[in-house]
1. Over 29 Å between Cα atoms, which of B:152/B:193; A:48/A:225; A:50/A:236; A:45/A:338; A:395/B:17 qualify?
2. Using a Gaussian network model on chain B with a 10 Å cutoff between Cα atoms, which of B:185, B:226, B:217 fluctuates the most?
3. Helix A:25-40: angle to the longest alpha-carbon principal axis of chain A, degrees 0 to 90, nearest 10?
4. When every alpha-carbon pair in the stretch B:32-125 is counted, what percent end up more than 17 Å apart?
5. Once phi is turned into ³J(HN,Hα) by the Karplus curve 6.51 cos²θ - 1.76 cosθ + 1.60 with θ = phi - 60°, what whole-Hz value does each residue of the stretch A:51-59 show in order, with x for glycine and proline?
6. Among B:249, B:158, B:25, which one shows the highest mean-square fluctuation when chain B is modelled as a Gaussian network with alpha-carbon springs under 10 Å?
7. Using the Karplus curve 6.51 cos²θ - 1.76 cosθ + 1.60 with θ = phi - 60°, what ³J(HN,Hα) values do you get for each residue of the stretch B:17-28, in whole Hz, with x for Gly and Pro?
8. From the square roots a ≥ b ≥ c of the eigenvalues of the alpha-carbon gyration tensor of the stretch A:201-246, which class results: rounded (a/c under 1.5), prolate (a/b over b/c), or oblate?
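What follows draws every value from the coordinates through simple rules; no lab data is involved. As the structure is a computational prediction, the values presented were derived from the model and not from experiment. All Cβ positions, glycine included, derive from the backbone under ideal geometry; neighbour counts span all protein chains shown.
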Amino acid sequence: MTLQTILPVQAAQIKEWAEARGEAAWLTERRLQALELAASLELPKPEKTKLDRWDLSAYGAFKSVAKTASREELPAATKEFIEEGTHNLIVQHNSGVVYTELSEELRAKGVIFTDLETAAREHEVLVKKHLGTAVKTSEHQVSALHYAAWTGGVFLYVPKNVELEVPLQAVFLTDDASATFAPHILVVADANSRVTYVDNYVSTGLDGKVLHNGVVEVIALDGAKVQYATVHQFGKEVTDLSYRRALLSNDADIEWIVGEMNDGDTIADTATSLNGNGTHSDAKIIAIGSGTQKLNFTTRAVHFGKSSESDMFTRAVMREEAQSIINGITKIEHGATKANGQQTEKVLMLSPAARGDANPILLIDEDDVMAGHAASVGKVNPEQVYYLMSRGISKTDAERLIIYGFLAPIIAEIPLELLRTRLQRIVERKLGQ
Amino acid sequence: MATKFVIEGLKAEIEGKEILKGINLEMNGGEIHAIMGPNGTGKSTLASALMGHPKYEVTEGSATLNGEDVLEMGVDERALAGLFLAMQYPSEIAGVTNSDFLRSAINARRGEGNEISLIKFIRQMESSMKGLEMNPEFAHRYLNEGFSGGEKKRNEILQMMMLDPKVVILDEIDSGLDIDALRIVANGVNEMKNEDRGFLIITHYQRLLNYITPDFVHVMMQGRIVKSGGPELAARLEQDGYDWIKEELGITDETVGQEQEA
């Protein structure tokens, strides 16, 4: 028996919106197939979270946006994130990208940095080849709906042997609750290239619910190194479903740096598939929960390649009545000899009404490997508070120092100074200071 | 005002067990008092109770610093009033650098709007660290994290030097120190000696007192000060141990709050 699901997006709308954007036929066709698939797929099942009880209907409608060539005309809420001197920038405002800038220097090197809609037209071969290879349409209903409904987004391609020193940046803003907000990020790092990409997700002035159904795909070909930093700080009107996935070919390397600073309910799944030999994946996540947020954060590393290595490191602070499930999944497949997978999840609880479950999961199908995990859930250590207070520091400041200290090792890794200092401020706000 | 620190009838317990059974002690600025005694006699409890460790409950008595009872104050207020405890087991705090921590502590004293300038702070910290023969990189290391026993003790003395307290309590500062480190720590203390500052040095070895000469020596047993004297008392303890005091006072078990064997 098949379950008849009433989908929040309809085929007629998908067609209409695609026409409005002047989209290529192959892409619209893919969207319609995805939508059809969505009807027969189930919701994802993150550990200990019942998504069927969440309201996941606020997809809104596609609304076209006017592009601008001037940074001055960008919404104020995005401007504050733009690093001074950045010449490689994409800004998405609700359903579409409004601003794209790529320096001459990078252009000359063959770098492509544009919204994904444009890329699907102008770089069809590349996009067709990679879109949907890391996060598959058929994984679950949420991914299928994403592939039916995504708009705007980013396509970043770094050619073979090109090593970029400066980070490329993107900002995604939702401020219209009736507009679809579902960007797709596709990063393709060709053989032996190197790139850092940083983005921010923000909301402001919403008068209704928004669902962010976002997907990030990173394809790192042989020997490529990708550093990916992202900070999500949506307001409580936004339910954030984010699936991030990297595929690593031989000797490729990904570093994820993720700041989960939303005020709304969030499912975030940050995963690496270590397909090639000698691959390396490093994931550092910080999260703060407050209010009555429901949060489910998963980091995942799946080892196929020999001598592949993964490190996952999550630190979360839970205050007020925030409920969080924090999963670390290390999977080592048969044949991935000499693989090494390590993970740590640490949760600091600031309130008796908050919940933080840390679930380290090791799934090992190969003998010749190393794997390790550590998980802890604890309160602020009263001995540490006493020690700091014994030097004259007030209780509030002592606790603040300890909480910051708990998060500091990850904040220090953020590759953009502006983002680092901003994140510190966001941390302060989330901690109610 | 010349510093005057007076402990009167101090009783304290941990988890309902009384450890301090009435401590009396008077200390003036410029004086060094040594509190000696075998293990388990309540010496470290005295230090912790004075500083306000959350596990210890003061049940009776007072400890006044220039007329103000510090036992009525919060831990941070005691520190701001001029009390400093160099701890036997300082906490390790990851993510907080030594210099950020010290600057917060100094600024807590100076108050908002009167914060120490970064340059002045760095200069002070560097010069104090040099005096203690500490590796300058320790300024940027996380507070006590991965420090050896000796490094932690030096770091306690560094804090003492930078916070300029009126009453310094050193709790077993000599334990785990090799002879060079002992000399350096003792030099740090001796340099800090002045008319406005009193020192209460808790130790169960006499050897620290070869480097720091006490004006008064007190022996603790069973949660009380059972004998006081001058430097000659420390010398006698070095030579003869504690048994003669136990005999003199008719004490068989000098410890306090330990589980009694049946």
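1. Details: B:152/B:193 21 Å; A:48/A:225 34 Å; A:50/A:236 19 Å; A:45/A:338 31 Å; A:395/B:17 27 Å.
The answer is A:48/A:225; A:45/A:338.
2. Looking only at B:185, B:226, B:217, the biggest GNM fluctuation is shown by B:226.
3. It works out to around 50 degrees.
4. For the stretch B:32-125, the fraction of Cα-Cα distances above 17 Å is 63 percent.
5. Rounded to whole hertz, the list is 5, 5, 8, 8, 8, 10, 9, 7, 7.
6. In the Gaussian network model the winner is B:249.
7. Each residue's phi maps through the Karplus curve to give 9, 6, 10, 9, 10, x, 9, 10, 7, 10, 9, 9 Hz.
8. Details: a/c = 5.11, a/b = 2.76, b/c = 1.85.
Cα axes put the stretch A:201-246 in the prolate bin.
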